[in-house]
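Written out below as C-alpha cells is the structure these notes cover.
The values are calculated or read from the model by the stated rules, or taken from the named source; none is laboratory data. The structure presented is a predicted model; accordingly, all values stated were derived computationally and were not measured. As a convention, Cβ positions derive from the backbone with ideal geometry for all residues, glycine included, and neighbour counts pool all protein chains shown. Accessible surface areas use protein heavy atoms only, side chains included; no ligands, DNA or RNA. Shrake-Rupley method; radii C 1.70, N 1.55, O 1.52, S 1.80 Å.
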Amino acid sequence: MKTADLCDQFHEELEICEIPFVNYGGRKRFSGPIATVRVREDNVLVRKSLEEIPEGSVLVVDGGGSRRCALLGDRLAAIGSSRGLAGIIIHGCVRDTGDLAEMEIGVRALGSMPLKSRKEGKGEREIPLSFGGVRWKPGHYVYADEDGVVLSPRELRL
C-alpha cells in the first residue's frame, strides 16, 4: 500500500513520521504490526527481538538517533529476513549496506556507519517510543515506502 494513498484516505487517523529515513533493504515497501526496542549503542536486544517477534512484524529500534555506531548489519538483518519479518526501522545507523540491499526485508535508518555496537544487553523492549514527531506503540501498524513512513492504531485496507 502506498503511503500517499493511505494519507489521502485516512489522514485524520494517521501519524506521519517527520524523519526522512534512508532505505537500505531490498524491500522498498513494507508494513506490519510494530514491535519496539530502545537501546543506546548496544544491539543485543535488537538481535533478541529479531529472533522472537512474530512473522510479518516491523521492528522499530530507537537508538536515540546516535550515529556513533551501527545497530544492524547483514547478520542481524538476515535473521529478520529468514524469519519473515516485514521490516526494520532504526532511529540510528546500519552497516553492510551493500548486503542489506540484496535482502528480502525492508530496512530504514538515519544513515550508515561501519563501526559495530557494544554488546552489553542494556535497553528496553515492547515499550512505547517517541521520535520523528510520532508515537511508536507496540501492536500499532506502520507503513513505509519511497514517500515516507506513516503509523496507524489499526491495520488499514484500501
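Quick check on Lys48: is it over 26 Å from Cys7 (Cα atoms) and among the charged types (D, E, K, R)?
Values: over 26 Å from Cys7 (Cα atoms): yes; among the charged types (D, E, K, R): yes.
In short, yes.
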Original post:
Going by the structure shown, is Lys116 more than 17 Å from Asp5 (Cα to Cα) and either without any contact (Cβ under 8 Å) to a residue 12 or more places away in the chain or surrounded by fewer than 17 Cβ atoms within 10 Å (Cβ to Cβ) (or both)?
Top reply: yes
**OP:** Output the residues belonging to segment 27-72 that are surrounded by fewer than 22 Cβ atoms within 10 Å (Cβ to Cβ), under 15 Å from Ile127 (Cβ atoms) and of a type in the set (S, T, N, Q).
**Re:** none
Subject >> Subset of segment 73-96 (residues that are β-branched (Val, Ile, Thr) and crowded, with 20+ Cβ neighbours inside 10 Å) >> reply: Ile88, Ile89, Ile90, Val94
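Checking the structure you have, find out if any residue of segment 2-22 is closer than 23 Å to Arg135 by Cα, within 14 Å of the chain's Cα centre (by Cα) and charged (D, E, K, R).
No, because not a single residue in segment 2-22 is closer than 23 Å to Arg135 by Cα, within 14 Å of the chain's Cα centre (by Cα) and charged (D, E, K, R).
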Original post:
Within segment 4-11, is there a residue that is open to solvent by less than 60 Å² (accessible area, probe 1.4 Å), in contact (Cβ under 8 Å) with a residue 12 or more places away in the chain and under 22 Å from Glu55 (Cα atoms)?
Top reply: no
